[in-house]
1. Pick from the range 58-98 the residues that are of a type in the set (Gly, Ala, Ser) and within 22 Å of residue 158 (Cβ to Cβ): which of them is most open to solvent (accessible area, probe 1.4 Å)?
2. Testing residue 144 on (1) free of Cβ contacts under 8 Å to residues at least 60 places away in the same chain; (2) surrounded by fewer than 16 Cβ atoms within 10 Å (Cβ to Cβ), one condition comes back false. Which one is that?
3. Among residues belonging to the range 196-211 that are assigned to a helix (DSSP H, G or I) and either open to solvent by 40 Å² or more (accessible area, probe 1.4 Å) or in contact with a Cys (Cβ under 9 Å, 6 or more places away or on another chain) (or both), point out the one that is modelled with the lowest pLDDT.
4. State the number of residues belonging to the range 1-25 that are open to solvent by 20 Å² or more (accessible area, probe 1.4 Å) and more than 20 Å from the chain's Cα centre (by Cα).
5. Could you list, in sequence order, all residues of the range 160-169 that are of a type outside the set (D, E, K, R), surrounded by 15 or more Cβ atoms within 10 Å (Cβ to Cβ) and assigned to a helix (DSSP H, G or I)?
6. Collect the residues in the range 99-140 that are without any contact (Cβ under 8 Å) to a residue 60 or more places away in the chain, within 17 Å of residue 6 (Cα to Cα), open to solvent by 20 Å² or more (accessible area, probe 1.4 Å) and in a loop (DSSP other than H, G, I, E, B), keeping them in residue-number order.
7. Can you name the residue in the range 1-37 that is of a type in the set (Gly, Ala, Ser) and in a loop (DSSP other than H, G, I, E, B) and, of all such residues, is farthest from residue 103 (Cα to Cα)?
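The values are calculated or read from the model by the stated rules, or taken from the named source; none is laboratory data. Bear in mind the structure is a predicted one, so any value in this text is a computation, not a measurement. Note that we place each Cβ from the backbone using ideal geometry, even for glycine, and neighbour counts take in every protein chain shown. Just the protein is used for accessible areas: all its heavy atoms, side chains included, with ligands, DNA and RNA removed. Shrake-Rupley method; radii C 1.70, N 1.55, O 1.52, S 1.80 Å.
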Amino acid sequence: MSDIILALRSQIRQAGLLSELTKLKHNVVTASHHRNDLFKAAQPYKVPVLIFDEGNADISLRALARSLKQHHKRFRILAWCDNLSHAMDLRLHEKSIDGFLLANSELDEIEKAIRTVTIGSVYVPTLLAEATKRYRKINEIHPLFSGLSRRESQIFQLIATGLTVPEIANRLFISRKTVNTFRYRLFRKLHVEGDVQLAHLAYQHGLLTPSLLKRLAMYPQLSLPAANESMTQQVAERKSLSYRP
């Protein structure tokens, strides 16, 4: 049995998960996204497992996760991501999150994720693991990408997987002007002229695959720029192109 705190924006999802996890004999409580409420909910428990999402536009999930870990070092945090690009960003750039659930996660996987993070391990769904492995490997060994700063690499990944400038600004809690500053640096460093060419570059070097592009295009709540959506469809249908996993 685990001690679980639910802080999900969807009341239907929260109520359903509360009911199902309680049936499985877990001790489950609910709380808002506010830090003080989460601290209070966690106090009675030695290893509280928090399942939460990006439901409040005024709160950075990554900043909240860091704060919770500083306050209660035994916190185990599962981030529920309805957006695959967001999940990739957190997996690549945020160490304070212990596990991930995706929009289509079913009860068996949720139960597995809870067990995994409770014992101190990290839980990553197969799709997310495959998608992020490519970025980590090539950023370390390829001279074209190894010169990027952490923020440049992050924004490159978000653009390549379909997010617009306003979406990136909202996600990272920075201004659109700042996002564009990093975009222009990427254009210069990677010798491209726009976002579509950035996405093509990611595909060319194996950071995106036909399968992943299709999943990104179909994933719930992922808003693709028109140009990138067109490019996604084109490259995903190129069966003759070969790449190495």
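1. Restricting to residues being of a type in the set (Gly, Ala, Ser) and within 22 Å of residue 158 (Cβ to Cβ), the top hit is 63.
2. Going through (1) free of Cβ contacts under 8 Å to residues at least 60 places away in the same chain; (2) surrounded by fewer than 16 Cβ atoms within 10 Å (Cβ to Cβ) one by one, residue 144 breaks only (1).
3. 211
4. Going residue by residue through the range 1-25, those that are open to solvent by 20 Å² or more (accessible area, probe 1.4 Å) are 1, 3, 9-13, 15-16, 18-20, 22-25.
Filter once more, keeping what is more than 20 Å from the chain's Cα centre (by Cα): 1, 3, 11-12, 15-16, 18-20, 22-25.
Residues in the range 1-25 being open to solvent by 20 Å² or more (accessible area, probe 1.4 Å) and more than 20 Å from the chain's Cα centre (by Cα): 13 in total.
5. Hits for the range 160-169 are 160, 165, 168, 169.
6. Within the range 99-140, 106 is the sole residue that qualifies.
7. Taking the range 1-37 and keeping what is of a type in the set (Gly, Ala, Ser), we get 2, 7, 10, 15-16, 19, 31-32.
With the extra rule that they be in a loop (DSSP other than H, G, I, E, B), the set shrinks to 2, 10, 31-32.
Values: 2: 22, 10: 12, 31: 20, 32: 20 Å.
It comes out as 2.
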